[in-house]
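Derivation of every value follows stated rules applied to the coordinates shown; laboratory data play no part. Everything numeric here is computed off the predicted structure, so don't read it as measured data. Virtual Cβ from ideal backbone geometry, glycine too; neighbours counted across all protein chains shown.
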Amino acid sequence: MAKNENKCPRGKLYCTNWLADIPGGFADFDMVEVQFKNTRKGFYKNSTNIPLEIGDMVAVEASPGHDIGQVTMVGDLVRLQMRKANVRPNAEVRRVFRKARPADLEKYEEAKAKENDTMIRSRKIAESLRLSMKIGDVEYQGDGNKAIFYYIADERVDFRQLIKVLAETFKVRIEMKQIGARQEAGRIGGIGPCGRPLCCASWMTNFVSVATSAARYQDISLNPQKLAGQCAKLKCCLNFEADTYVESIKRLPSKDIRLETADSTYFHFKTDIFKREITYSTDKSMAANLVTIDAARAFEIIAMNKAGEKPLSLKREGDDKDNAKKPLDILGDNDLTRFDKKKKKRKPKKDGNATGEKRPRQEGDTEKSEPRDTQKPRDRYSSREPKAAASAQADGQASDQKRQQRTNRPPKQGGQRQDGQRRQPRQQQANQGNMPQTGEGNNRKPRPQRQNPPKSDE
C-alpha cells in the first residue's frame, strides 16, 4: 500500500485498491485516475513515467491551460475502472504534466476561494435576464482561466446572452453544464427521512430513472409527499428492493384468479408478501366477508377449481384463524404521544360538585343526609378519644368557675350584660394593678390539666 494513501478523500468517488495485497496486482500501468471538485474525475496518461502515488496533487492537461487534481488510483486497477466506465484503450486521453508546484497550489486555492461569490453574482445576473434556470454550483479550473457553471432548468434555455455577460463580469472563459435535480441534491447533501446521509451524496455515482411501478410492487401508498425526496423527485431507494418484491410476487397466486367455493366466489383483496398470506373478499369492489389464507392453501384451492371441485370454505378443517392473536403493530412504539401522561378522571363527590363545594339542599332531598353530617363526627371522636373529650369538658367547667370567682360576676344568662356589671371588673383590675404584689397575689395556679375540677371555697 502506498504511504500517502490516507490523503485520498473518502468520498463517494473513492475506490479501494483491493489489488494492493495481491502479488502482481499493483502492476505498472501508464494510466492514472485524477479526481477534481465534486463529482468530476477523469483518466490521464502518465507519458513521462512520473512516480505517482495515491493522494498526490498533479497538474494535468486542460483546454485551455492546465488543471489541478488529486490522484485517486494508480496501477492495474485503473484498467478495470476504464473498462467499467466504457473508456476505450485507444481513445485519445490527456496527459499528466507534472506534480503540482507550490505556485500552482497557491493559484488553485485563490481560484477555489472565488467560487461561492461567483455563484451568488451569477444567480443575480440570470435573474435580471429573466431566464428560467438555477445556477447550482460553480467550479474554477486550477489555473483560474476557466469557470464551469452547473445549472438546472426544466426547459431549454437560451443562455447566449448570459455567457456574454458572465465573461465580461468575471474575465474568464465560461462553460455551461446542465445537471438534474438528483445531481444537485448530491452536490448539496443532506439527511434523508431514514436519518442517514443522502444516497446521492454519499455513494451513488449514476442515477437510474425511478417509476411509480416500483411503489406498486412493494404495496406502498402512492402519496407524492412520502415518495418524493429532497430533490422533489421519486426516491432512489424505491428501486433498491423492487427486484426482490417482484421475485416474491412471482411465487404467490395471481391477483386476477378467483377462488370458487360451495357457497360463494372470492376475489383478491390484499397480499402480505412477508407472511405469504392472501386476503380474499366476496365483493370485488369492497371489503366484504374477508378471509385470510396462506399461499399453500390458495394454490390448493386453485388446483381443486381447475379439477372442477369446490371446497366448503377457504380455510382448512380445524384451522381456526378467528381466535388467533392479532398481529403486533410494528409502528406502535413510534407514536408521538407514547410519552404523554394520561390524565386521570376525577370522580365527583356524592354530596357536592366536581369542585368540592357543597351543593345547596333542595326540596327533593331526603332527610337522611342530615344525621350523616351531624352524627358521624360525634361518633368518630367519642369512639376514638373518650378520655380526651372528658378532660376537655372538665377543663372548660373549671375555667368558668375560676373566672367567676376572680371577677365577682354572676354567670351568663341569656347572653345579655348590664353596664354596671360590665365596668366593675375593669375598675377592680386597675386597683389590683396599683396594689403591691405579694406572694399570694402572684401564686396564680395554671389551668388544671387533671380531669377532676378544683374544689370551690365555701
Vicinal HN-Hα couplings computed from phi for region 146-152 (Karplus, 6.51 cos²θ - 1.76 cosθ + 1.60; Hz; Gly/Pro x)
9, 10, 9, 9, 9, 10, 10
Computed E for residue 270/residue 103 - FRET, C-beta separation, R0 60 angstrom, nearest 0.05
0.30
Can you tell me, using C-alpha contacts under 8 Å and at least 6 residues apart, the relative contact order of region 170-295 as a whole percent?
14
At what distance in nm do the modelled label points of residue 188 and residue 127 sit from each other, each positioned 7 Å from its Cα along Cα→Cβ?
1.5
Contour minus end-to-end for residue 163 and residue 256, with contour as 0.36 nm per residue of separation and end-to-end as the Cα-Cα distance?
27.7 nm
Here, residue 63 and residue 316, labelled 7 Å along Cα→Cβ, have an inter-label distance in nm of 7.1
Extension gain from residue 171 to residue 155, taking 0.36 nm per residue of separation minus the Cα-Cα distance:
2.9 nm
Region 35-77 and region 140-156: distance between their alpha carbon centers, rounded to Å
20
Could you tell me which of rounded, prolate or oblate describes region 35-90, using a ≥ b ≥ c as the square roots of the eigenvalues of the alpha-carbon gyration tensor, with rounded for a/c under 1.5 and, failing that, prolate when a/b is larger than b/c and oblate otherwise?
rounded
Segment residue 40-residue 226, extension gain: residue separation times 0.36 nm, minus the distance between their alpha carbons
63.8 nm
In nm, to one decimal, how far is the modelled label at residue 244 from the one at residue 115, with both set 7 Å along Cα→Cβ?
3.6
For residue 100, what residues show an amide H to amide H distance below 5 Å, using hydrogens built from the backbone and excluding near sequence neighbours?
57, 58, 59
How high is the FRET efficiency between residue 300 and residue 206 when r is their beta carbon distance and R₀ equals 60 Å, given to the nearest 0.05?
0.85
Most exposed to least, judged by fewest other Cβ atoms within 10 Å, 237, 231, 194 sort to 194, 237, 231
Of the listed peptides 46-55, 153-162, what is their order by residue-averaged count of other C-beta atoms within 10 Å, with the highest listed first?
46-55, 153-162
Checking rank on 120-130, 263-273, with mean other Cβ inside 10 Å and highest first, the result is 263-273, 120-130
